[in-house]
Amino acid sequence: MNDSILTLVTFVPAVGALALMLMPRNDRALRWTALIISIATFGLSLLLPIYYEHGRSGFQFEVNHNWIGQAIHYHMGADGISMWLVLLTTLLVPVSVLVSWKSIHDRVKEFFVLLLLLEMAMIGVFLSLDMFLFYVFWEATLIPMALLIGMYGHERRVYAAVKFFLYTMVASVFMLAAVIWLYTHNPQHNFEYDAFRKVIGSGAVSPTTLQWLFLGFFIAFAVKVPLFPLHTWLPDAHVEAPTAGSVLLAGVLLKMGTYGLLRFNVGLFPDQAAYNSTWINVLAVIGIIYGALVALVQPNLKKLIAYSSVSHLGFVVLGIFSLTTIGTDGAVYQMLNHGISTGALFMLAGMLYERKHTYEFKEFGGLATPMPVYATFFLLAVLSSVGLPLLNGFVGEFLVLSGTFQSAVPHHILFTVLGTSGVIWGACYLLWMYQKVFYGQIHHNENKTLPEIDGRERISLVPLVVMSIIMGVASPYWMRSIEPAVTSTIERVAEAVKAQAQKRVIYRISESAQTHISAINKPNAASPVQNDSTTGGQK
Amino acid sequence: MNPIHTIDYIRILPELMLTAFGIVVMMADPLLKPGASRKSLGLLSLAGTLAAIAATFCQIAWLHRDPSLADPGWFGMVRVDSFSIFFHLLIPAISAICILMSLEYLDAQNIRSGEYYALILFGTVGMVLMSSAVELVLIFIALEISSISTYILAGYRRRNAGSTESAIKYFLLGSFATAFFLYGVAMIFGATGSTSVLKIAAALGDNPGLLAIAATALMIIGLGFKVAAAPFHVWTPDVYEGAPAPIVALMSTGPKAAAFAVLLRVLFATTSAHWFPLIWVCAALSMTLGNFGALMQNNVKRMLAYSSIAHAGYLLVAFAASNDIGISAAIFYTAAYAAMNVGAFAVVSHFAAGGERYVLIDDYSGLGRRSPLLAFTLTIFMLSLIGIPATAGFLGKYYVFTAALSPSAHPTALVWLTVIGLVNSAVASFYYLRLIVVMYMREPVVAEAPAPATAFMRLALVLAAIATIYLGVIPGKVQDLSMAGARDLSPTGTAVSALPPGMQTTMPVAITQAK
């Protein structure tokens, strides 16, 4: 069973989608089937942590077959990073099915087919160890998501769907170019992750080329994360998407970007990751603060949550490019936390929309009186997102920031200080939001009689809220499998960072010497960046 | 003069089958009542294309028993090898699907004539012969057979001015282009004293001389017109817009594949150094002009015309790579493009209805609700044209760009061409996506719902969709055959060793190299 479990987890949703396609258009039956399939997938995926050998690094449950010729393999495997992301996906999909139970009443069949296809593609992205296979799944997430937004979204849905599609499509083309280049220069002539690692580590590829390849991967992932200034598709996509689309977009699709940064940009290119870490951290910090400030002034509930994602994902990127084990542990944990807390927030926003058909704050206020249970759930989700100790968000943010503090990346103290301010901003906009929705006077009479959330809605929220509490107090359970996986990825980068730091010291000394010695070394001093890149890459 | 043996007839068995069925269709046509549906003749022609495919399988079986079939036959004019077999399977299959569409289309357009089907068959004869001919004069004759049939077919909606315009434009420019080709043939005869591709390759060697280079350039112009590569593409949108939709499906794939086959045979008889810049420019221009032209179109047929220019550009990237991987990528791409494009035109030809009324992109609004089958299959074809993984289009592009990035004589120029190509395919996703967007995300604007598709049309759609997915997910066999074809074509015959082992075939190659 060890070698078929990943295949099962990935393709049970696809088989389910096929079954749904063939079913007659009975909405009730379709909903129940989709729910049962997604719960079954979640059940299957629970086997992963049960049979996983915690504390061991490297990939487990591996399955490797030839697919197209000898070059392209069906190679899947899970490690401590990808396994939990798969579980996050399989947890969020049944929840999304539940939350769409009533809000989707037109073209129900297509909706659940797309949702299950999306699940298959997302799981595949996290599990692929063959770069070709990875690219296939990566692009395969695009279509169902774009269709979900475009077919079931709100007023400006078509614009948002097309924007989302084009942004991601254009960016991933650069990744494809990098993947094909690596393949054609791989002496083993395959797309294996490990083989690519060897090609890059062999020293046969020039640092300039490696830099281009690094950027090729980076742009694809940075758009997905999304990193400032490539984030503009995100608010549009979130605001227009149906609730389930927002949950999966924020919960899982954005994690594909950060997962890619960690697995490929850092995992494949240790030297380039070290070399580029400074400006990437600058972008991450800008994202944290910019996202938070824009969230502060949003008059729209869903847009606020969307911008909070930009801010939170900035933390994840900061953690990864601190290039420390602690920071990256925190980043991985934060990916899971963000999926759960933001997923819950989007669901809650969606429930409000079903009642009021608007996300504008001015339509709300004082809702804690008619909807006390709803208000409690909302508060827990908000506090988890704020990063209150004993809830999950705290663990991730704390690890990220302490990792950044200990990092060897230049200006890391500044990044930590600015990043920490993001925590305060986060508390501001989230608590403010809570206040605007739930406290104060009820200005609109119809709000006095808003119906409380029903059993189905409560059931859909309970898993997420419970998880955010468990993950807040029992983080070591997750860390014991995340840590070895992260360590094996970060090890080599840490060496590169150290080497670069030494280079910088030497460079500074030589620079001050140069200013005294004057003319002879001027051409060298004129191009410090180039100089750094060549020496850094040759290590 | 050599006597003609039985084996010579095996060498042209598919052509014989097609011709025989074509003649029968012609003779049966007057026996039917005037004004009655010609569906029976259509079915007979369908049988003809299937017979041609069966005949090709006969050739494969024969090759296994007797490899001497691969020697040039018919006075050294025809050669059966993996390369020709690939196209002998592909082109009749294209024709078969186009006939399936026409069965419904002709009734909808009220066209009642049997020659239509006969012309498709005769055109197919020309196209398949282009892939197996190794004699430039025969290639020219085959080119003319296929062209003249398509000229007539393009004007088949006689009562429609656009259709007539399309036929005349196609005819005038087409004959002009064929003249270029013929001129090139004459010059290469002057340079080498032979019109046999095999002998030309030997005579030219590594240093072909100015006359031969000029001849190659002229032939590239002539064939560039046939494949609609920029800057010889200007006719395409007008002709595609006016011609009957099933015929556009045929002529955007069949003659194109055949012309690419000729281009491969002719170009690889000379060394790449002499035509590389020309092909590079053609490829870059075709991709860019095609995609940016398509962005502005409102008419689906014109959009697909520009898209076909762009796809010719991607194919030329594989040519520019000028290695074995490139040849096999080009061969594979013709099949991939045929599957998705024929499928797209099948939807267009059904949806257009009588008089081809509905051909604007906006007319497709809400199709997802009204006709889930049409919308779903068209979505598959569009995704494949974009190049989304798990479709034929993606693997085609992947092979092309792999060829371009593989070690070659012009690495930097090819990296740039790859970048141009990839940026282009990202741009292209915009206009293909538009069609998906209007189908699923907008309310219908056309008052009447599309008529339900006939069984034949549904079969054509489903076959094309299956082919698109098949080539995208399990392309192993087709890829093997295209690799074998590339090896047979390779002028040196030693290029196989230059392949990365990963690109070599896994399954036993169906047809062994017969050199």
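The values are calculated or read from the model by the stated rules, or taken from the named source; none is laboratory data. The structure displayed is predicted, hence computed values, not measured ones. All Cβ positions, even for glycine, are placed from backbone atoms using ideal geometry, and neighbour counts span all protein chains on display.
What's the number of the only condition in (1) closer than 30 Å to B:S406 by Cβ; (2) without any contact (Cβ under 8 Å) to a residue 40 or more places away in the chain; (3) crowded, with 23+ Cβ neighbours inside 10 Å that A:T141 fails to meet?
Going through (1) closer than 30 Å to B:S406 by Cβ; (2) without any contact (Cβ under 8 Å) to a residue 40 or more places away in the chain; (3) crowded, with 23+ Cβ neighbours inside 10 Å one by one, A:T141 breaks only (2).
Do we find that B:E356 is closer than 24 Å to A:I143 by Cβ and not basic (K, R) in this structure? Break it down stepwise before answering.
Values: closer than 24 Å to A:I143 by Cβ: no; not basic (K, R): yes.
Against the criterion (closer than 24 Å to A:I143 by Cβ and not basic (K, R)), B:E356 does not qualify.
Identify the residue in the range B:465-474 that is farther than 27 Å from B:K39 by Cβ and out of contact with any Ser or Thr (no Cβ under 9 Å at 6 or more places or on another chain) and, among all such residues, is surrounded by the most Cβ atoms within 10 Å (Cβ to Cβ).
Ranking the candidates gives B:Y470 first.
Against the definition (under 30 Å from A:M83 (Cα atoms), touching a helix residue (DSSP H, G or I) at 6+ places or on another chain (Cβ under 6 Å) and either modelled with pLDDT of 85 or more or buried (at least 21 other Cβ atoms within 10 Å of the Cβ) (or both)), how does A:S481 come out, yes or no?
Here the answer is yes, as A:S481 does meet what is asked.
For the range A:95-126, which positions are in contact with a Leu (Cβ under 8 Å, 6 or more places away or on another chain) and of a type in the set (A, V, I, L, M)?
A:V95, A:V97, A:L98, A:V108, A:V113, A:L114, A:L115, A:L116, A:L118, A:M122
Go through (1) more than 7 Å from chain B (Cβ to nearest Cβ); (2) touching a strand residue (DSSP E or B) at 6+ places or on another chain (Cβ under 8 Å) and name the single condition A:V199 misses.
Every listed condition holds for A:V199 apart from (2).
Here is a list of conditions, (1) at pLDDT 90 or above; (2) farther than 19 Å from A:R456 by Cβ, and A:P94 meets all of them except one; can you say which number that is?
With respect to (1) at pLDDT 90 or above; (2) farther than 19 Å from A:R456 by Cβ, A:P94 is out only on (2).
Failed condition for A:A14, given (1) modelled with pLDDT of 90 or more; (2) in a loop (DSSP other than H, G, I, E, B), with all others met?
Here A:A14 clears every test but (2).
I want to confirm something. Restricting to the range A:149-180 and keeping residues that are more than 9 Å from chain B (Cβ to nearest Cβ) and charged (D, E, K, R), which single residue is nearest to B:P389 (Cα to Cα)?
So, considering only residues that are more than 9 Å from chain B (Cβ to nearest Cβ) and charged (D, E, K, R), the one nearest to B:P389 (Cα to Cα) is A:K163.
Out of curiosity, is B:G35 small (G, A, S) and farther than 20 Å from B:S196 by Cβ?
Against the criterion (small (G, A, S) and farther than 20 Å from B:S196 by Cβ), B:G35 qualifies.
Residue under question is A:S128, and the condition is that it be of a type in the set (S, T, N, Q), touching a Phe, Trp or Tyr at 6+ places or on another chain (Cβ under 6 Å) and under 28 Å from A:T7 (Cα atoms); does it hold?
Answer is yes for this residue.
Please tell me if A:G319 is in contact with a Leu (Cβ under 6 Å, 6 or more places away or on another chain), in a helix (DSSP H, G or I) and crowded, with 24+ Cβ neighbours inside 10 Å. It would help to see each step written out before you state the result.
Values: in contact with a Leu (Cβ under 6 Å, 6 or more places away or on another chain): no; in a helix (DSSP H, G or I): yes; crowded, with 24+ Cβ neighbours inside 10 Å: yes.
Here the answer is no, as A:G319 does not meet what is asked.
Surrounded by fewer than 22 Cβ atoms within 10 Å (Cβ to Cβ) and either closer than 26 Å to A:L87 by Cα or hydroxyl-bearing (S, T, Y) (or both), is that true of A:V505?
In short, no.
Scan A:Y183, A:Y193 and give me the residue that is within 14 Å of chain B (Cβ to nearest Cβ) and more than 25 Å from A:S309 (Cα to Cα). Reasoning before the result, please.
Details: A:Y193 fails: within 14 Å of chain B (Cβ to nearest Cβ).
The match here is A:Y183.
Scan the range B:404-422 residue by residue and report those that are touching a Ser or Thr at 6+ places or on another chain (Cβ under 9 Å) and part of a helix (DSSP H, G or I).
B:A404, B:L405, B:L414, B:I420 - these are the residues of the range B:404-422 that are touching a Ser or Thr at 6+ places or on another chain (Cβ under 9 Å) and part of a helix (DSSP H, G or I).
Specify the residue that is surrounded by the most Cβ atoms within 10 Å (Cβ to Cβ); the eligible residues are those in the range A:85-102 that are part of a helix (DSSP H, G or I) and in contact with a Pro (Cβ under 8 Å, 6 or more places away or on another chain).
Applying the filter and picking the extreme gives A:V93.
Can you confirm whether B:I331 is buried (at least 24 other Cβ atoms within 10 Å of the Cβ) and under 15 Å from the mean Cα position of the chain (by Cα)?
yes
What about B:A258, is it buried (at least 24 other Cβ atoms within 10 Å of the Cβ), modelled with pLDDT of 90 or more, aliphatic (A, V, I, L, M) and under 23 Å from B:L198 (Cβ atoms)? Before you say what the answer is, go through the steps one by one.
Working: buried (at least 24 other Cβ atoms within 10 Å of the Cβ): yes; modelled with pLDDT of 90 or more: yes; aliphatic (A, V, I, L, M): yes; under 23 Å from B:L198 (Cβ atoms): yes.
It is true that B:A258 is buried (at least 24 other Cβ atoms within 10 Å of the Cβ), modelled with pLDDT of 90 or more, aliphatic (A, V, I, L, M) and under 23 Å from B:L198 (Cβ atoms).
Out of the residues in the range A:385-437 meeting the condition of being touching a residue at least 60 places away in the same chain (Cβ under 8 Å) and hydroxyl-bearing (S, T, Y), tell me which one is nearest to A:K503 (Cα to Cα).
A:S407
This table checks each residue for (1) within 25 Å of B:T192 (Cβ to Cβ); (2) of a type outside the set (G, A, S); (3) under 17 Å from the mean Cα position of the chain (by Cα).
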position: B:T216; (1), (2), (3): yes, yes, no
position: B:M219; (1), (2), (3): yes, yes, no
position: B:G224; (1), (2), (3): yes, no, yes
position: B:F232; (1), (2), (3): no, yes, yes
position: B:Y240; (1), (2), (3): no, yes, yes
position: B:A245; (1), (2), (3): no, no, yes
position: B:G254; (1), (2), (3): no, no, yes
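Output the number of residues of the range A:384-404 satisfying the condition of being under 20 Å from A:L313 (Cβ atoms) and surrounded by fewer than 21 Cβ atoms within 10 Å (Cβ to Cβ).
Residues meeting the conditions: 4.
With the condition kept exactly as written, say whether any residue in the range A:103-118 is among the aliphatic types (A, V, I, L, M) and within 19 Å of B:G387 (Cβ to Cβ).
Yes, the range A:103-118 contains at least one residue that is among the aliphatic types (A, V, I, L, M) and within 19 Å of B:G387 (Cβ to Cβ).
Within the range A:129-174, which residues are of a type in the set (G, A, S) and closer than 17 Å to A:V252 by Cβ?
Selection gives A:A140, A:A146, A:S172.
Which one of B:T6, B:T19 is within 30 Å of B:P72 (Cβ to Cβ), touching a residue at least 24 places away in the same chain (Cβ under 8 Å) and surrounded by fewer than 23 Cβ atoms within 10 Å (Cβ to Cβ)? Can you show your working first?
Details: B:T6 fails: touching a residue at least 24 places away in the same chain (Cβ under 8 Å).
Exactly one residue qualifies, and that residue is B:T19.
Just to be sure I understand, how many residues within the range A:200-226 are buried (at least 19 other Cβ atoms within 10 Å of the Cβ), over 18 Å from A:A274 (Cα atoms) and modelled with pLDDT under 90?
So the answer is 2.
Identify all residues within the range B:436-464 that are within 12 Å of chain A (Cβ to nearest Cβ) and surrounded by 18 or more Cβ atoms within 10 Å (Cβ to Cβ); write none if there are none.
Correct list: B:I436, B:V437, B:V438, B:M439, B:Y440, B:M441.
Does the range A:103-122 hold any residues that are within 14 Å of chain B (Cβ to nearest Cβ) and not in a helix (DSSP H, G or I), and which are they?
A:D106, A:R107, listed by residue number.
For A:L248, only one of the following conditions fails: (1) surrounded by fewer than 24 Cβ atoms within 10 Å (Cβ to Cβ); (2) at pLDDT 90 or above. What is its number?
Condition (1) is where A:L248 drops out.
Return the only residue of B:A413, B:A409, B:A467 being more than 14 Å from chain A (Cβ to nearest Cβ) and at pLDDT 90 or above.
On the way: B:A413 fails: at pLDDT 90 or above; B:A409 fails: at pLDDT 90 or above.
Step by step, each of B:A413, B:A409, B:A467 is checked, and only B:A467 is more than 14 Å from chain A (Cβ to nearest Cβ) and at pLDDT 90 or above.
Being in contact (Cβ under 8 Å) with a residue 60 or more places away in the chain, of a type outside the set (K, R), in a helix (DSSP H, G or I) and surrounded by fewer than 18 Cβ atoms within 10 Å (Cβ to Cβ) is the filter here, so list the residues in the range A:354-383 that pass it.
A:E354, A:F361, A:E363, A:P372, A:V373
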